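Please read the structure below before turning to the comments.
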Amino acid sequence: MTQFYFVLTNVEAESILKEEIRLRYPEVRLSYSRPGFITFKAENQIPFNPLFCRVSGVCQGRFKKSELLFERAWVYAVDEKLTLPQDLKELSDRTLFKKGETVTLIMMLSQDEYWVGSYLLLSHHFQIPGEVSSILEKDVPSRAYYKMAEAFEAFDLPFDHEEMVLELGAAPGGASLFLLEQDLKVLGVDTAQMDPVVKKNINFKHLKCPFETLTEKDFKSNVDWIVSDINLPPTVVLREIYRLLGFLEPRGLILTLKINDLKHLEVISTVREQIKKFGFKKVELKYLPSHRKEIALIALHS
């Protein structure tokens, strides 16, 4: 029996998503799509959980507004220019889904076009219709602030007071700022200048050198976390992470891996097992709301 699936993703990631589907799910075919909303079909029901999307699930099809007779549902406007009808907004606002429950998601594509899907609400979901960010916009040095904040929220990262974070490619300081706001100490490595609001923080230290030159002698104390949002191929970033793990023993990694070339999907397919070889028990990949052609890797020792 033919089964349809839906995906909500950021427009910048659509090409990566389609290539991922081609590689991981060769039995799946592209069906209907609009910017940010794509459906696929398979001849039989399959485990369908692509990485490069905010959320995916089983697609129940296209509905007229008069057919949306759900007692509980979240409602999401795929095009941010759209305004939800008041009755659907009220339905969404009063509906609460708990982790472990199956979400009914109504997706509004135009004033006259609605699609309905369902998915299991997992611990790393944001519990927001459409899996968009709950982080309020503010004046920050860079977009890395939001990516770090979203990773912190999605994975409930276990930061402890005044732990030491090594951030590779820290400038101009978006991620550093968020980490400092969590009462962490940050050692930022970058040849470029840091934003003044970060640089003046007493818990921030700037190593103005290429991260590739770091050696054991550069660290006078233990590093608890390694963070990276470097705009380099994942092969380059991971090579340096593996090198650093030769003499550092962080309890966690928070890496943003850039996928600017489709060939890098092969790296992503094996990265979990490679990271686990260094003793990390939990290794997760997640496409965050602020992502473009990139994905977050979270690794924890326990």
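Evaluate region 182-194: report whether one residue or more is free of Cβ contacts under 8 Å to residues at least 40 places away in the same chain and within 20 Å of the chain's Cα centre (by Cα).
The answer is yes; a qualifying residue exists.
Which count do you get for residues in region 107-142 that are farther than 29 Å from residue 299 by Cβ and surrounded by 14 or more Cβ atoms within 10 Å (Cβ to Cβ)?
The total comes to 10.
Among the candidates 199, 185, 220, 205, which residue alone is out of contact with any Ser or Thr (no Cβ under 7 Å at 6 or more places or on another chain), closer than 15 Å to residue 250 by Cβ and of a type in the set (Lys, Arg)? Steps first, please.
Values: 199 fails: closer than 15 Å to residue 250 by Cβ; 220 fails: closer than 15 Å to residue 250 by Cβ; 205 fails: closer than 15 Å to residue 250 by Cβ.
None of the other options fit; the residue is 185.
Identify the residue in region 260-289 that is among the hydrophobic types (A, V, I, L, M, F, W, C) and in a helix (DSSP H, G or I) and, among all such residues, is surrounded by the most Cβ atoms within 10 Å (Cβ to Cβ).
Going through region 260-289, the residues among the hydrophobic types (A, V, I, L, M, F, W, C) turn out to be 262, 265, 267-268, 271, 275, 278, 280, 283, 285, 288.
Within this subset, residues satisfying the condition of being in a helix (DSSP H, G or I) are 262, 265, 267-268, 271, 275.
Details: 262: 15, 265: 19, 267: 17, 268: 18, 271: 19, 275: 21.
Step by step, filter region 260-289, then rank; the result is 275.
Tally time: how many residues in region 250-259 are surrounded by 21 or more Cβ atoms within 10 Å (Cβ to Cβ) and within 14 Å of residue 295 (Cα to Cα)?
Step one: of region 250-259, the residues surrounded by 21 or more Cβ atoms within 10 Å (Cβ to Cβ) are 250, 252-257, 259.
Checking the rest, the ones that are also within 14 Å of residue 295 (Cα to Cα) come to 253-257, 259.
The number of residues fulfilling the criteria is 6.
Kindly list the number of the only condition in (1) aliphatic (A, V, I, L, M); (2) in contact with a Gly (Cβ under 7 Å, 6 or more places away or on another chain); (3) buried (at least 19 other Cβ atoms within 10 Å of the Cβ) that fails for residue 11.
(3)
Quick one: how many residues across region 75-101 are among the aromatic types (Phe, Trp, Tyr) and more than 22 Å from residue 31 (Cβ to Cβ)?
Residues in region 75-101 being among the aromatic types (Phe, Trp, Tyr) and more than 22 Å from residue 31 (Cβ to Cβ): 1 in total.
Being over 18 Å from the mean Cα position of the chain (by Cα) and surrounded by 16 or more Cβ atoms within 10 Å (Cβ to Cβ) is the requirement here; does residue 247 meet it?
Taking the combined requirement at face value, the residue does not satisfy it.
Specify which of the listed residues (82, 69) is without any contact (Cβ under 8 Å) to a residue 24 or more places away in the chain, assigned to a loop (DSSP other than H, G, I, E, B) and either more than 21 Å from the chain's Cα centre (by Cα) or under 24 Å from residue 266 (Cα atoms) (or both). It would help to see each step written out before you state the result.
Details: 82 fails: without any contact (Cβ under 8 Å) to a residue 24 or more places away in the chain.
Step by step, each of 82, 69 is checked, and only 69 is without any contact (Cβ under 8 Å) to a residue 24 or more places away in the chain, assigned to a loop (DSSP other than H, G, I, E, B) and either more than 21 Å from the chain's Cα centre (by Cα) or under 24 Å from residue 266 (Cα atoms) (or both).
Determine whether residue 131 is in contact with a His (Cβ under 8 Å, 6 or more places away or on another chain), modelled with pLDDT of 95 or more and more than 30 Å from residue 194 (Cα to Cα).
Values: in contact with a His (Cβ under 8 Å, 6 or more places away or on another chain): yes; modelled with pLDDT of 95 or more: yes; more than 30 Å from residue 194 (Cα to Cα): yes.
Answer is yes for this residue.
Please work out which one of (1) over 26 Å from residue 8 (Cα atoms); (2) surrounded by fewer than 17 Cβ atoms within 10 Å (Cβ to Cβ) is the condition residue 292 fails and give its number.
So the condition that residue 292 fails would be (1).
This table checks each residue for (1) modelled with pLDDT of 95 or more; (2) more than 30 Å from residue 233 (Cβ to Cβ); (3) surrounded by 22 or more Cβ atoms within 10 Å (Cβ to Cβ).
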{"position": "105", "(1), (2), (3)": "yes, yes, yes"}
{"position": "145", "(1), (2), (3)": "yes, no, yes"}
{"position": "153", "(1), (2), (3)": "yes, no, no"}
{"position": "175", "(1), (2), (3)": "yes, no, yes"}
{"position": "186", "(1), (2), (3)": "yes, no, yes"}
{"position": "189", "(1), (2), (3)": "yes, no, yes"}
{"position": "199", "(1), (2), (3)": "yes, no, no"}
{"position": "207", "(1), (2), (3)": "yes, no, no"}
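The values are calculated or read from the model by the stated rules, or taken from the named source; none is laboratory data. From a predicted model like this one, the values you see are computed outputs, not experimental measurements. Note: ideal-geometry Cβ built from the backbone for every residue, glycine included; neighbour counts use all protein chains shown.
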